[in-house]
Every structure is written in structure tokens, then in C-alpha cells.
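Structure first, commentary second.
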Amino acid sequence: MAASYYINGEDGYKEPTYELGPSEKEKFNRKAVEDIVSNLFEEKLKGVVYDDEKAKALTLMISNEVKGRIKEELQYPRYKIVVQTVIGQVKDQGAYVTSRCLWDHEKDNYASQWFQNDSLFCVCMVFGLYLE
């Protein structure tokens, strides 16, 4: 278990902290997450041409990279980070990407960012779920 969930007791055993919510600086920061995702899109997708053979690998790479950067740069100690990425081909069609979650609106949050070039579109949703 992570050190942030427990403190050392007098007898050397770990004891729970009984923290029921994040501090102000630990709260999920939607703007910071959106900036990370937007920067990653510019780095990885700017000149990419859609290829259905490579779309799955690209989706997984974007999701893993987003999750890794959020954990590394923002270091949310008690948040479960869930990333959902959708990549599709641009062909004069419309697309809606939606999601539903059951959560605590005071502790949990999400960020969503999208990217489009002449060939593809990408929507990335990042959910921060607080672990009590």
C-alpha cells in the first residue's frame, strides 16, 4: 500500500490516516490535465495520417502516455486516473463521444480534450477518482 494512505504507529505498524478528502493542492486540476493532453496531442498527432491498422496502437500509446505524464507531473497521491481515448478518421461525418460515471462531485473530476487534423480526430477523456 502507498505511504500516503498510512502513517507509522508507535509500535511500527502502519495506521490509516482517516483522510476523507483531498487537500486543496491535491484536488484534481482540470486545466493542468487539459494542458498536458493538449501538449501531447501536438507532439504525437500533428502530422499523423489516419491508418486503421495503426489506430489501436496509437490509441493505447496516447492513453498510456497521458496517464504517465499526469502521474509524473501532477502526482495525485490518492487519485485513480482513468484515461479513455478515441481516434477516428475524418470523412465529413459527425461523431459524439460521451461517458457516464457515478462519483462524488466534490472530490472526483474529469478533463476532456480533442484534436483534429485533415486526416484524423482524437478525443481524450481523463477521469480523476478520489480513493478514500
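The values are calculated or read from the model by the stated rules, or taken from the named source; none is laboratory data. Quick caveat: nothing in here was measured; it's all calculated off a predicted structure. Counting neighbours? That spans all protein chains shown, and the Cβs are built from the backbone with ideal geometry, glycine included. Keep in mind that these areas ignore ligands, DNA and RNA; they rest on the heavy atoms of the full protein, side chains included. Shrake-Rupley method; radii C 1.70, N 1.55, O 1.52, S 1.80 Å.
A quick yes/no check of all residues on (1) farther than 22 Å from residue 39 by Cβ; (2) touching a helix residue (DSSP H, G or I) at 6+ places or on another chain (Cβ under 7 Å); (3) not aliphatic (A, V, I, L, M):
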position: 50; (1), (2), (3): no, no, yes
position: 70; (1), (2), (3): no, yes, no
position: 107; (1), (2), (3): yes, no, yes
position: 121; (1), (2), (3): no, no, yes
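I'm checking my understanding of the structure. Among residues of segment 11-37 that are farther than 23 Å from residue 132 by Cα and open to solvent by 40 Å² or more (accessible area, probe 1.4 Å), which one is modelled with the lowest pLDDT?
Let us first name the residues in segment 11-37 that are farther than 23 Å from residue 132 by Cα, namely 11, 31, 34-37.
With the extra rule that they be open to solvent by 40 Å² or more (accessible area, probe 1.4 Å), the set shrinks to 11, 31, 34-35.
Numbers: 11: 66, 31: 97, 34: 97, 35: 97.
In this case the residue turns out to be 11.
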Problem set entry | Tally, over segment 77-122, of residues that are closer than 19 Å to residue 20 by Cα, open to solvent by less than 50 Å² (accessible area, probe 1.4 Å) and modelled with pLDDT of 90 or more | 5
